[in-house]
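Heads up: the structure comes next, in structure tokens.
The values are calculated or read from the model by the stated rules, or taken from the named source; none is laboratory data. What you see is a predicted model, and the numbers here were worked out from it, not measured in a lab. Virtual Cβ from ideal backbone geometry, glycine too; neighbours counted across all protein chains shown.
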């Protein structure tokens, strides 16, 4: 298990938030139609079946890897959501916030050095 770090906190919290938003989004709009056809949810969130699926998938992965490889998750999800915000797919504000926080968490977490293998002892 990883030590406490910004990336681990990000993976756990952002993963849980995205998972909840994705599941809640299915109650507002579960149609898998055109990618740019959205429904409004919770006042400021744009949802459709594709976005809900993306939120559930990235959220579930975040919750699952929060103790193992959270720096890689924060970097990958951060980059993905920044690109989605730039392209304008979904809620730009949410995507930009999740993306920038992910990149910041990855930058604030030191890269783990690979473990050295113990020397083999000869009999």
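Some observations on this one:
- The residue pairs whose first member lies in segment 86-99 and is farther than 14 Å from residue 48 by Cα, whose second member is surrounded by fewer than 20 Cβ atoms within 10 Å (Cβ to Cβ) and at pLDDT 90 or above, and whose beta carbons are closer than 6 Å, counting only pairs six or more residues apart or on different chains, are 99/82.
- Taken over segment 22-37, the criterion of being over 12 Å from the mean Cα position of the chain (by Cα) and buried (at least 19 other Cβ atoms within 10 Å of the Cβ) is satisfied by 25, 29.
- There is no residue in segment 64-71 that is crowded, with 21+ Cβ neighbours inside 10 Å, modelled with pLDDT of 95 or more and in a helix (DSSP H, G or I).
- From 77, 61, residue being part of a helix (DSSP H, G or I), touching a residue at least 40 places away in the same chain (Cβ under 8 Å) and surrounded by 19 or more Cβ atoms within 10 Å (Cβ to Cβ): 77
- Qualifying position, being in contact with a helix residue (DSSP H, G or I) (Cβ under 9 Å, 6 or more places away or on another chain), closer than 22 Å to residue 107 by Cβ and at pLDDT 90 or above, among 24, 16: 16
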